[in-house]
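Peer 1: Structure below; questions to follow.
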Amino acid sequence: MAEDLKLLPTREQLIHALYEAAELEHNLMCTYLYAAFSLKDGEAEGLSADEAAAVKRWRRTILDVAIEEMGHLAAVWNITAAVGGAPRFGRVNFPIDAGYLPAGIVVKLAPFNEDVLQHFIHLERPKDSTEPDGEGFHYERNFKRNPPVRRLTPMGFDYETVGEFYDTMEYALGVMTDRLGEKDLFCGDPALQLSANEIDLEGAKPVLCKKTAIQACEAIVTQGEGASAENPNSHFCRFRRIRDELTALKQKNPGFEPAFNAAVNPVLRRPPDPDGHVWIEDEAASAIVDVANASYQTMLRLLAYSYVVPGPSREKSLAVDLSIDIMKAFAMLGESAARRPSGSRTGCNAGVSFTALRDSAPLPHAESSRRFFVERMAELVKGAERLDQKDQRVARATGLLKALAARARQFEAIEDAPVAIAAAPPPVTKAKAYEVKDGVEHVVGEKVTINYTGKLCIHSRYCVTQAPRSFLANVEGPWIHPDDTEAEELAAVARNCPSGAIQYVRNDGAPGEQAPPVNLVRTLQDGPNAWRGDLRIDGKSIGYRATLCRCGASKNKPYCDGSHHDIHFEASGEPATGDKTAMLAVRDGPIEITPQIDGPLMVRGNMEIISGTGRVVARVTAARFCRCGHSQNKPFCDDTHKKVGFKSTN
């Protein structure tokens with residue numbers, strides 16, 4: 001790829017490319033939200049029962065994708081902060097002029113329809129896809145952005161797919177790391193990044209080194225733009241499933257219109273060039289769009305501010321919490337706008353315009369900024385109160401903004417000097433030996449050896465929360481230090497690892513882990529089954545702890561690999577108590593697990609099946625456990641795997 005790299009890999013160029021990535025993810029999120037807001041809601045808005053159910057699914061899918069784009073944004077912002085840049089929160093107004101982004105990408109606000117959906121599919125397509133763009137989104141001029149020679153001035157470059165763009169980003173990160181060194185490239189303050197302390201987004205993971213930066217890029221591609229066509233939960237595949245359903249419903253009812261005809265590229269004032277815009281002349285509609293836009297802008301201000309506030313801290317969390325909840329009010333106003341006439345254009349409804357601030361750079365970390373947010377939230381409430389409160393969406397949005405304005409007043413009690421949060425002291429004892437063999441990390445301590453199998457880990461985080469001095473989260477280099485926790489305590493923490501990823505060996509003559517006195521199978525909410533006992537799979541002993549897949553998506557079957565998160569698997573951790581609950585005469589002993597080809601887990605042995613909270617579900621000596629994810633009698637198999645075509649091979 002080195003000879004194909006069109007631009008000099010400098011820090012300035014890298015930040016410039018990250019700014020384009022942020023704008024791209026931001027713009028896609030806005031277009032997805034706009035289409036979702038235009039979708040009709042239920043039979044009261046002219047849909048049949050089947051159509052209403054389908055459109056409800058589509059709205060949820062598109063909103064989920066938009067939320068994931070927000071996660072991609074967080075990943076890009078974190079990479080930017082990690083390399084010493086200030087994350088980019090701004091963008092230009094819609095529609096975006098050709099050439100600002102890659103020559104072939106057209107970005108504009110438009111209501112949901114077949115062409116818009118095809119445009120989304122085209123944007124999210126993998127590298128080898130031939131999916132065309134939607135009608136009305138083609139760029140006819142033969143313009144290319146690639147500079148003729150390498151320049152010191154940062155410039156954009158063209159790419160056919162977003163996945164290709166992130167491939168270049170990964171390569172540039174590698175080149176820069178080799179040139180500057182990891183420590184010098186990733187010199188930004190990690191405390192300024194967003195993390196799970198502030199927000200529950202897949203992309204909000206600290207970027208500390210080349211590995212975590214590239215993982216962030218790969219996660220974006222795997223989940224969204226450029227993912228393999230075989231990834232059923234990629235944005236590309238989810239949008240194609242909507243297209244299939246839309247086509248089937250259109251064949252059944254040619255007059256089916258799933259969305260309101262919201263404006264294409266709405267604006268709040270008469271544009272200098274009216275071509276390609278819709279001026280919202282209706283005063284009631286424009287007032288709603290005005291408050292919606294102001295809410296969106298305030299959300300951006302708060303997110304930007306969170307990146308100048310070190311965390312974890314009350315102030316950083318408050319800024320992020322307010323921004324996320326403001327978007328909920330914004331969505332209600334966006335749906336209301338799409339249902340109102342725009343003005344003089346017959347049959348054309350209004351829509352939120354996502355008007356961009358002239359500059360979205362973070363406000364300074366100071367009392368003045370906190371005062372700004374308190375004032376702005378009060379202004380949003382006043383604006384919302386003047387809207388049509390007979391509209392239920394508007395009324396709910398107004399109520400939410402009032403509650404958020406009251407919460408924002410917590411800024412008044414925050415002082416400039418952040419409250420220091422004590423960190424666990426760094427490890428002082430280096431492991432006696434360390435090696436990786438067959439994918440297992442062996443870390444030898446004075447009294448305890450820890451063996452860690454990464455591919456079994458489901459990130460329950462017992463290790464990093466219960467023994468934080470021995471298991472260091474999100475660090476560069478060695479992360480397991482057995483001698484920095486008392487041996488008995490460390491062994492107890494290891495036994496808490498539900499997946500069995502962490503095993504231990506006592507070097508001090510003390511007894512090692514023993515089989516439990518009661519064999520247990522615990523059903524985890526929206527996740528795997530956690531097993532404890534003398535476990536054997538196909539006759540081979542695997543230890544006393546394991547988490548086995550029940551969503552059907554694991555690439556490491558029969559073990560869980562966390563794929564239930566990726567596919568948004570839903571399964572109760574509290575199944576009903578059945579009629580087989582009589583106490584077993586023997587409660588321990590070996591558990592023989594036989595994964596059946598393209599079928600369930602056939603399990604024999606003394607077992608107590610319990611809910612996530614510990615309630616008894618069943619006591620049995622043999623059972624078939626669902627692992628296709630579709631049984632209506634979870635955790636047990638009901639043969640649905642035959643209907644859904646479950647494959648047990650990866």
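Peer 1: How charged is the neighbourhood of residue 456? Take every other residue with its Cβ under 10 Å from the Cβ of residue 456, and add Lys/Arg as +1 and Asp/Glu as -1. Before the final figure, lay out the partial values.
Peer 2: Values: positive: 455, 545; negative: 561.
Charge balance near residue 456 sits at +1.
Peer 1: Dipole of the chain (Lys/Arg Cβ +1, Asp/Glu Cβ -1, origin at the Cα centre): which of 546, 177, 578 lies farthest to the positive side?
Peer 2: 578
Peer 1: For segment 262-358, rounded, prolate or oblate, judged on the Cα gyration tensor with a ≥ b ≥ c (square roots of eigenvalues), a/c < 1.5 rounded, else prolate if a/b > b/c? Mind dumping the intermediate values first?
Peer 2: Numbers: a/c = 3.99, a/b = 2.32, b/c = 1.72.
Since a/c reaches 1.5 and a/b is larger than b/c, the shape of segment 262-358 is classed as prolate.
Peer 1: Another one. Return the loop-located trypsin sites (Lys or Arg not before Pro) in segment 308-376 (DSSP other than H, G, I, E, B) with at most 13 other Cβ atoms within 10 Å of their own Cβ; answer none if there are none.
Peer 2: On the way: sites: 314, 316, 328, 339, 345, 358, 370, 371, 376; in loops: 339, 345, 358.
Taking segment 308-376 and a limit of 13 other Cβ atoms within 10 Å, the loop trypsin sites (Lys or Arg not before Pro) found are 358.
Peer 1: Any idea what the alpha-carbon Rg over 2.2 N^0.38 Å comes to for segment 441-529? Walk me through the numbers on the way to the answer.
Peer 2: Details: Rg = 13.3 Å, N = 89, 2.2 N^0.38 = 12.1 Å.
The value comes to 1.10.
Peer 1: Now, a different point. Where Rh is the Kirkwood radius over the Cα pairs of the chain, the temperature 10 °C and the viscosity 1.306 mPa s, what D in µm²/s does Stokes-Einstein return?
Peer 2: Values: Rh = 27.5 Å.
Stokes-Einstein gives a translational diffusion coefficient of 58 µm²/s.
Peer 1: Next up: Determine which lysines satisfy two conditions relative to residue 211: a Cα distance under 21 Å, and not lying fewer than 8 residues away in the same chain.
Peer 2: Hits, sequence-local ones excluded: 183, 437, 455.
Peer 1: Something else about it: Strictly greater than 16 Å: what percent of every Cα pair in segment 298-348 meets that?
Peer 2: The calculated P(r) of segment 298-348 puts 53 percent of pairs beyond 16 Å.
Peer 1: For residue 630, what accessible area in Å² do you get when you roll a 1.4 Å probe over the heavy atoms of the protein chains, rounding to the nearest 10?
Peer 2: 90
Peer 1: Can you tell me the dipole magnitude for the chain around its Cα centre, using point charges on the Cβ only (Lys, Arg +1; Asp, Glu -1), in Debye to the nearest 20?
Peer 2: Values: 77 positive and 87 negative charges, 223 e Å.
So the dipole magnitude of the chain works out to roughly 1080 debye.
Peer 1: What share of the DSSP beta bridges in segment 501-617 is antiparallel, in percent to the nearest 5?
Peer 2: Numbers: 17 of 24 bridges.
If we restrict to bridges inside segment 501-617, about 70 percent are antiparallel.
Peer 1: Excluding residues fewer than 8 places away in the same chain, name every one of the aspartates and glutamates whose C-alpha is closer than 20 Å to that of residue 557.
Peer 2: Output for residue 557: 230, 438, 526, 534, 538, 566, 570, 592, 598, 638, 639.
Peer 1: R0 = 60 Å: FRET efficiency of residue 357 with residue 430, Cβ-based, nearest 0.05? Show your work: numbers first, answer last.
Peer 2: On the way: r = 51 Å, r/R0 = 0.84.
That pair, residue 357 with residue 430, gives E of 0.75.
Peer 1: Also, I was wondering about something else. Putting +1 on Lys and Arg Cβ atoms and -1 on Asp and Glu Cβ atoms, find which of 130, 166, 187 reaches farthest to the positive end of the dipole of segment 120-206.
Peer 2: 187
Peer 1: Quote the charge dipole size of segment 53-183 about the Cα centre in Debye, to the nearest 20; the model charges only the Cβ of Lys and Arg (+1) and of Asp and Glu (-1).
Peer 2: Around 500 debye, computed over segment 53-183.
Peer 1: To the nearest 10 Å², what's residue 486's accessible area with a 1.4 Å probe?
Peer 2: Looks like 130 Å² after rounding.
Peer 1: If you don't mind, there's one more thing I want to ask. Subtract the Cα-Cα distance of residue 396 and residue 155 from 0.36 nm times their separation in residues, and report this length gain in nm to one decimal.
Peer 2: On the way: separation 241, 0.36 × 241 = 86.76 nm, distance 4.46 nm.
Extending this stretch completely gives an extra 82.3 nm.
Peer 1: Along Cα→Cβ, 7 Å out, is where each label goes; now give me the distance between the ones at residue 130 and residue 474 in nm to one decimal.
Peer 2: 4.5
Peer 1: Turning to a different aspect of this structure: If one computes the Cα centroid of segment 345-397 and of segment 58-121, what distance in Å separates the two points?
Peer 2: Their Cα centres are 21 Å away from one another.
Peer 1: To the nearest 0.05, how large is the calculated FRET efficiency for residue 541 and residue 518 if R₀ is 22 Å and r is the Cβ-Cβ distance?
Peer 2: Numbers: r = 19 Å, r/R0 = 0.85.
Taking R0 as 22 Å, the efficiency between residue 541 and residue 518 is 0.70.
Peer 1: Taking the inverse of the average 1/r across all pairs of different Cα atoms in segment 52-169, what Kirkwood radius in Å do you get?
Peer 2: One decimal place: 16.6 Å for the Kirkwood radius.
Peer 1: Could you please report the charge total around residue 618, scoring K, R as +1 and D, E as -1 over all other residues with beta-carbon less than 13 angstrom from its beta-carbon? Don't skip to the end; give the middle numbers.
Peer 2: On the way: positive: 522, 580, 615, 619, 624, 634; negative: 579, 608.
Computed value for this residue: +4.
Peer 1: Moving to a separate point now. Long-range amide H contacts for residue 537: which residues qualify at under 5 Å (H placed 1.01 Å from N, peptide plane, sequence gap of 5 or more or a different chain)?
Peer 2: Those lying under 5 Å, H to H, from residue 537 are 542, 593.
Peer 1: Holding the Cα-Cα limit at 24 Å, pick out from 328/555; 205/432; 56/250 the pairs that are longer than that. Working shown, then result.
Peer 2: Details: 328/555 35 Å; 205/432 31 Å; 56/250 16 Å.
Over 24 Å Cα-Cα: 328/555; 205/432.
Peer 1: Using only Cα atoms, locate the centre of segment 478-512 and the centre of segment 618-650, then give the distance between them in Å, rounded to an integer.
Peer 2: 34
Peer 1: Say each of residue 275 and residue 579 gets a label point 7 Å from the Cα, pointing the same way as Cα to Cβ; how far apart are those two points in nm?
Peer 2: Roughly 7.6 nm, to one decimal.
Peer 1: Of 154, 383, 54, which is farthest towards the positive pole of the chain's charge dipole, taken about the Cα centre with +1 and -1 on the beta-carbons of Lys, Arg and Asp, Glu respectively?
Peer 2: 54
Peer 1: Lys and Arg at +1, Asp and Glu at -1: add these up for the other residues within a Cβ distance under 14 Å of residue 375 and post the number. If you can, show how the numbers build up before the last one.
Peer 2: Numbers: positive: 301, 370, 371, 376, 382, 409; negative: 367, 379, 412.
Spelling it out: positives minus negatives among the neighbours equals +3.
Peer 1: Can I ask one more? Hydropathy at least -0.5 by Kyte-Doolittle, axial extent at least 15 angstrom from the Cα trace: which helices of the chain, defined as entire DSSP H runs, fit? Walk me through the numbers before you get to the answer.
Peer 2: Working: long enough: 11-38 (41 Å, 0.09); 49-82 (50 Å, 0.19); 162-180 (27 Å, 0.06); 210-223 (20 Å, 0.10); 235-252 (26 Å, -1.01); 283-306 (34 Å, 0.53); 314-337 (34 Å, 0.39); 367-385 (28 Å, -0.53); 392-408 (24 Å, 0.26).
Membrane-span-like by this criterion, though nothing is claimed about a membrane: 11-38, 49-82, 162-180, 210-223, 283-306, 314-337, 392-408.
Peer 1: Is the C-alpha gyration tensor of segment 212-285 telling us rounded, prolate or oblate? Criteria: a/c under 1.5 is rounded; beyond that, a/b larger than b/c is prolate, otherwise oblate.
Peer 2: Numbers: a/c = 3.71, a/b = 1.39, b/c = 2.68.
Cα axes put segment 212-285 in the oblate bin.
Peer 1: Dividing the alpha-carbon Rg of segment 145-187 by 2.2 N^0.38 Å yields what? Display every interim value, and only then the final one.
Peer 2: Working: Rg = 12.4 Å, N = 43, 2.2 N^0.38 = 9.2 Å.
For segment 145-187, the normalised Cα radius of gyration is 1.35.
The values are calculated or read from the model by the stated rules, or taken from the named source; none is laboratory data. Small disclaimer: the values here were computed from a predicted structure and weren't measured. Cβ atoms come from the backbone with ideal geometry, glycine included; neighbour counts cover every protein chain shown. SASA here: full protein model, heavy atoms, side chains in, ligands and nucleic acids out. Shrake-Rupley method; radii C 1.70, N 1.55, O 1.52, S 1.80 Å.
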